[in-house]
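Down below is the structure, laid out as structure tokens.
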Amino acid sequence: MFNISIQKNLKAILIPGLVFQSIVTGGGFATGREIVQYCIRHGIAFPWILITILIFFIVLNFLMIETARLFQAFDYRSWGQKIIPKLWIVLDVLFVAMAILVCSIVISGAVEVVQDIIAIPAIVSLFISIVIIVLITAGGKKYVLTTKIFGACFLMLGYLMFLFFSISNFGNSLYHNVHTFGNVHGWWISALEYVGYNTVALPACLYTFQYVKSRKQALLASVFSGFMVIIPMLFVSLSVLS
């Protein structure tokens, strides 16, 4: 009984954060463009950007998890019908449009990286990416969730390796770059912009909130979700600055 209780608590706390991380960082951090645009272009102010993003992500995740838990709405249509009953169809349409856009961006980034690193033609890697997505989606929620969890773990390992090799090879330039690169003015605007457009990832995590059974679990899951994005963001920021 004790082991079952621990497993349920771990599921409630870890799964939402792992899926949130894989959605937010999986495609966005692949090229480093997001990091430059919203974080390190402000130079020495980038730690404040990370702290601001962390706080907002924790708060937004908590509100999303709690509303889903209280209403028992674990898909974006049910959630929309509870939050905005008369306009839920608008949320439905916007979410589908967002999903198409995100898939396009992520696949484009994946194709570009594969072509640059291992020289597989773009059309081939595009076809492979589409086939993989179709197979995982056809497998249902269980396969999607498993893929997201393992993907998040591999992503974190990749970010850690990226940081290690960057710091070990170019660490001498880190201090100089962080103090001279970019403009510190307007850093809070960049932080809010990053949070704002990444809130679209929250509805995609709704199905993971079914494991959360209490407000305490919701709070812990929210904190974990925030750090699961900020830690790799810090790793990539230091790597690019190096």
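Read-outs: derived from the displayed coordinates by stated rules, not from any lab. Computed from a predicted structure; not experimentally measured. In this analysis, Cβ positions are derived from the backbone assuming ideal geometry, glycine residues included, and neighbour counts consider all displayed protein chains.
Any idea which of ILE40, GLN21, GLN217 is furthest toward the positive side of the dipole for the chain, if Lys and Arg beta-carbons carry +1 and Asp and Glu beta-carbons -1? My answer, from the dipole projection, is GLN217. Of the DSSP H helices in the chain, those that are both long (alpha-carbon extent of 18 Å or more along the helix axis) and hydrophobic (Kyte-Doolittle mean at least 0.5) are 2-26, 46-71, 88-118, 122-138, 141-170, 215-241.
Shape of the stretch 30-139 from its Cα gyration tensor (a ≥ b ≥ c, root eigenvalues): rounded if a/c is under 1.5, otherwise prolate when a/b > b/c, or oblate? Note, shape of the stretch 30-139 comes out oblate.
Taking the Cα centre of the chain as origin, work out the dipole magnitude from +1 charges on Lys and Arg Cβ and -1 charges on Asp and Glu Cβ, in debye rounded to 20. It would help to have the intermediate numbers written out before the result.
On the way: 14 positive and 7 negative charges, 185 e Å.
So the magnitude is around 900 debye.
Only the Cβ atoms of Lys and Arg (+1) and of Asp and Glu (-1) were treated as charged; on that basis the dipole of the stretch 27-170 about its Cα centre amounts to roughly 380 debye.
Under the simplified labelling scheme, the VAL90-ILE6 pair shows an inter-label distance of 4.8 nm, with each label point 7 Å from Cα along Cα→Cβ.
Filter LYS8/LYS216; LYS82/LYS148; LYS8/LYS86; LYS8/LYS82; LYS82/LYS141 down to the pairs with a C-alpha to C-alpha distance above 24 Å, please.
Details: LYS8/LYS216 13 Å; LYS82/LYS148 27 Å; LYS8/LYS86 35 Å; LYS8/LYS82 26 Å; LYS82/LYS141 22 Å.
From LYS8/LYS216; LYS82/LYS148; LYS8/LYS86; LYS8/LYS82; LYS82/LYS141, over 24 Å: LYS82/LYS148; LYS8/LYS86; LYS8/LYS82.
Taking a ≥ b ≥ c as the square roots of the Cα gyration tensor eigenvalues, with a/c under 1.5 meaning rounded and otherwise prolate when a/b beats b/c, else oblate, which class fits the chain? Because a/c hits 1.5 or more and a/b exceeds b/c, the chain counts as prolate.
Would you please classify the overall shape of the stretch 64-103 from the alpha carbon gyration tensor, given that a ≥ b ≥ c denote the square roots of the eigenvalues, rounded means a/c under 1.5, and beyond that prolate means a/b larger than b/c while oblate covers the rest? Numbers along the way, then the final one.
Details: a/c = 3.27, a/b = 1.55, b/c = 2.11.
Because a/c hits 1.5 or more and a/b fails to exceed b/c, the stretch 64-103 counts as oblate.
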